[in-house]
């Protein structure tokens, strides 16, 4: 019986599969973080829109004093800084998502490289086994043929 197929780099392949899984999880986490920031930006835009709507109504009613104008200006400035902060974080996480995507692709390629090597070695192994089996069957056929021929000669001689 032929020996079982063994890929000598099976442990390395297993490790690369684990690394690929980790990189994919990291990419998913980065995408999730980016999504959270995008959601915060939407909420921020809604808050700003509500604030500006409220301010324009107060402006139309003419119920403003100097303190309210100062508070309005301070709050508007705070909203602007907050949006800028969200935009900066969004840019950072877009870069981070891309970096992690590249790492995941790299890990996937490294794993695929070993997978392909394993498949090539396995197909070569299977081909070798088939060749050995064919040689064995050919040898048995040859032996059987020789025996039949000898038996025919023995029966003709007798």
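Taken over segment 59-78, residues that are surrounded by 10 or more Cβ atoms within 10 Å (Cβ to Cβ), over 48 Å from the mean Cα position of the chain (by Cα) and part of a helix (DSSP H, G or I) amount to 5. One residue stands out among those in segment 1-21 that are assigned to a helix (DSSP H, G or I) and either touching a residue at least 40 places away in the same chain (Cβ under 8 Å) or within 18 Å of residue 92 (Cβ to Cβ) (or both): the one that is farthest from the chain's Cα centre (by Cα), which is 10. Counting residues in segment 132-151 that are closer than 30 Å to residue 23 by Cβ, free of Cβ contacts under 8 Å to residues at least 24 places away in the same chain, out of contact with any strand residue (DSSP E or B) (no Cβ under 6 Å at 6 or more places or on another chain) and exposed (fewer than 12 other Cβ atoms within 10 Å of the Cβ) gives zero. Among the criteria (1) in contact with a helix residue (DSSP H, G or I) (Cβ under 7 Å, 6 or more places away or on another chain); (2) more than 30 Å from residue 122 (Cα to Cα), the one residue 17 does not fulfil is (2). Report yes if some residue within segment 109-125 is over 22 Å from residue 17 (Cβ atoms) and under 13 Å from the mean Cα position of the chain (by Cα); otherwise report no. No, because not a single residue in segment 109-125 is over 22 Å from residue 17 (Cβ atoms) and under 13 Å from the mean Cα position of the chain (by Cα).
Taken together, the values in this text are just the output of simple stated rules run on the coordinates, not laboratory data. From a predicted model like this one, the values you see are computed outputs, not experimental measurements. Quick reminder, even Gly has a Cβ in these numbers, built from the backbone with ideal geometry, and neighbours come from all protein chains shown.
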